[in-house]
Structure formats: C-alpha cells, structure tokens
Amino acid sequence: MSQRRYQSVIQYLSEGIAAGRWPVDAQVPSENELVELCSVSRMTARRALEELTEAGVLYRVQGKG
C-alpha cells in the first residue's frame, strides 16, 4: 500500500524536527513553502500541518505564516 501524500509531508516535518532543523518554538515551513518543498497541493500541506497540530507535535499561531 502506497503512502498518502500528506503522510510524506508529515514524515518530512517529523524528521526535520527530530534532526533539530526546527527546534522547539521555531517556525516550520508554511503551507506555501511545503507545496514547493514536497511537491504537493496546498490542501495536502494543510492536512499534514493539521494532523501534526492535533497530535500535539506542532502548535499554530494565527497570522504568523
């Protein structure tokens, strides 16, 4: 079974966090940046960010980009 696209974005972000690319309280790439970096649609990038937020891995601040 192939991996869904949003799961590849989740993996990209999770690996970056684990590697220290984005330390605690650092801003991860925006939806638009993830579209470019991961070659996915904006809705896919948004779903990945929402999943990580719901899991408590990320928190979102309105208006911060």
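The values are calculated or read from the model by the stated rules, or taken from the named source; none is laboratory data. Here the structure is a predicted model, which means the values were calculated and not measured. Every residue, glycine among them, receives a Cβ derived from its backbone with ideal geometry; neighbour counts consider all protein chains shown. Each accessible area value is taken on the protein alone, full model and side chains, heavy atoms only, with ligands, DNA and RNA left out. Shrake-Rupley method; radii C 1.70, N 1.55, O 1.52, S 1.80 Å.
Things worth noting here:
- Accessible-area ranking of TYR12, TYR6, largest first, probe 1.4 Å: TYR12, TYR6
- Take the stretch 1-46 with all the other protein chains still there, run a 1.4 Å probe, and you get 71 Å² of accessible area per residue.
- Taken about its Cα centre, the chain carries a charge dipole of roughly 140 debye when the Cβ of each Lys and Arg holds +1 and the Cβ of each Asp and Glu holds -1.
- Extension gain (nm, one decimal) between GLU51 and GLU15, 0.36 nm per residue minus Cα-Cα: 11.5 nm
- Heavy-atom accessible surface of the chain: percent carbon and sulfur, 1.4 Å: 48
- Tilt relative to the chain, helix 42-54 - C-alpha long axis, 0 to 90 degrees, to 10: 50
- Selection from SER41, GLN27, GLY56, by position along the positive dipole direction of the chain (Cβ): SER41
- Those residues of the stretch 5-43 whose amide nitrogen sits under 12 Å from the label point placed on VAL61, 7 Å along Cα→Cβ: 25-28
- Rough spin-label spacing in nm, given labels placed 7 Å along Cα→Cβ, for ASP25 and ARG4: 3.4
- Of LEU13, LEU49, LEU37, the one that fluctuates the most in a GNM where the chain has Cα springs shorter than 10 Å: LEU37
- Using alpha-carbon coordinates, inclination of helix 5-18 to the longest axis of the chain, degrees: 40
- The heavy atoms of ARG47 present about 110 square angstrom of accessible area, all protein chains included, probe 1.4 Å.
- Overall form of the stretch 1-41 per C-alpha gyration tensor (a/c, 1.5; a/b vs b/c): oblate
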